[in-house]
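Here is the structure we will look at.
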Amino acid sequence: MATVAESARAQQRPLVRRTSSTAPGGRRRHLGPLLAIAPFYVLFGVFGAFPVVFSLYLSFQDWDGIGNMRYVGLQQYKWLLEDSVFWHSVLNTFEIWFLSTVPMLFLALVIAFLLHSQVRFGGAYRVAYFVPNVTSMVAMTIVFGSVFAQSGLANSGLKAVGLDGIGWLSSEWGIKSAISLMIIWRWVGYNALIFLAGIQAIPTEHFEAARMDGANSWQTLFRVVVPQLKPVVLFAAITSSINGLQIFTESQVLFQTDDVGTTGGPGQEGMTIVLYLWQKAFKDHQFGYGAAMGWVLFALIALFTIVNWRLVSGRRDKETRRGR
């Protein structure tokens, strides 16, 4: 009878579910993994999140980097809209971006298509194309400065074929062309490898079908590869736009002056947004003005990203609807 009574009382007791917090050592069990990933969040907070938030706060302040801050509200942005040098730097940045990004993406696509073909030493070619991306841009800008000098290798080659030399570092379009060529040299191999990865994901049956239909290499590239490569093209276009709107090293080193500053060359034709930001913040010690310029640059990059996304994804959606 006692056993029956005890079992009945046991059935009437409420069941207590043990969770990770109530189980013995439950909280301590998660302590190790949390401590393991904590350094990342600490470093991100100190060197990532805090500078972003502080720069936004700083854009509403007048500060020289040492003295007390003085709140000026939106005055920094108002001065920015009235700054003719800033708008000149915006125009220069967009012109250099167009001269470099458009031909670079096309050339990278062609190189990727050629690398996808059965060529000998394909691995060596891939390494060779990627080397410029990991090379010090400061060192290579110094080299390119010698190449584009008035008596440099570029003008010597032009004169060898009977053409007049170009003022690469003294004329408006010479300066922008020189900077654009450096950007193309640096990023064409990187984007070629990105495109190559996308091409290799295309089923081989599509290439075989195009070959059986008598399509040549150009027809295969533009009618088979490009339509299926649009997501990769979108990624490359967005990343190239982000990098292209943040041009700094090429202009800063190419036209470096003795007073540890630069005006972007003759006529400020090499003055980009980031170079002007650096000049105002770290040379003229107008950190609030530089922070405001940085947030305007962020808005321009976001706008460019949205435009690229709409152009590429919009066309793809239309083609999908037509296919249905």
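The values are calculated or read from the model by the stated rules, or taken from the named source; none is laboratory data. In this text, all values refer to a predicted model and were calculated from it rather than measured experimentally. Reconstructed Cβ throughout: ideal geometry from the backbone, glycine too, with neighbour counts over all protein chains shown. Keep in mind that these areas ignore ligands, DNA and RNA; they rest on the heavy atoms of the full protein, side chains included. Shrake-Rupley method; radii C 1.70, N 1.55, O 1.52, S 1.80 Å.
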Collect the residues in region 53-73 that are open to solvent by less than 70 Å² (accessible area, probe 1.4 Å) and under 29 Å from the mean Cα position of the chain (by Cα), keeping them in residue-number order. Phe54, Ser55, Leu58, Ser59, Phe60, Gln61, Gly65
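Give region 181-197 a look and list any residue that's among the hydrophobic types (A, V, I, L, M, F, W, C) and within 14 Å of the chain's Cα centre (by Cα), or say none. Give the derivation first.
Looking only at region 181-197, we keep the residues that are among the hydrophobic types (A, V, I, L, M, F, W, C), and these are 181-185, 187-188, 192-197.
Scanning region 181-197 gives Ile183, Ile184, Trp187, Val188, Ile194.
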Top-ranked residue in region 235-245 [being open to solvent by 10 Å² or more (accessible area, probe 1.4 Å) and hydrophobic (A, V, I, L, M, F, W, C); ranked as nearest to the chain's Cα centre (by Cα)]: Ile242
Matching option when the condition is on the phi < 0 side of the Ramachandran plot, open to solvent by 10 Å² or more (accessible area, probe 1.4 Å) and of a type in the set (A, V, I, L, M), among Ile199, Ile175, Ile184: Ile184
Kindly list, by first and then second residue, each pair from a residue in region 179-202 that is closer than 16 Å to Trp168 by Cα and touching a residue at least 60 places away in the same chain (Cβ under 8 Å) to a residue that is of a type in the set (Phe, Trp, Tyr) and open to solvent by 10 Å² or more (accessible area, probe 1.4 Å), limited to pairs with Cβ atoms under 6 Å and residues at least 6 apart or on different chains. Met182/Phe144
Of all residues being more than 15 Å from Ile179 (Cβ to Cβ), among the aromatic types (Phe, Trp, Tyr) and in contact (Cβ under 8 Å) with a residue 24 or more places away in the chain in region 121-144, which is surrounded by the most Cβ atoms within 10 Å (Cβ to Cβ)? Just the residue, please. Tyr129
Checked pairs for region 236-257, first touching a residue at least 24 places away in the same chain (Cβ under 8 Å), second open to solvent by 30 Å² or more (accessible area, probe 1.4 Å) and polar (S, T, N, Q), C-beta under 9 Å and 6 or more apart or across chains, list as Ile238/Thr305; Ser241/Thr305; Ile242/Thr305; Phe255/Thr263
Being under 22 Å from the mean Cα position of the chain (by Cα) and either within 15 Å of Ser100 (Cβ to Cβ) or open to solvent by less than 30 Å² (accessible area, probe 1.4 Å) (or both), is that true of even one residue in region 145-155? no
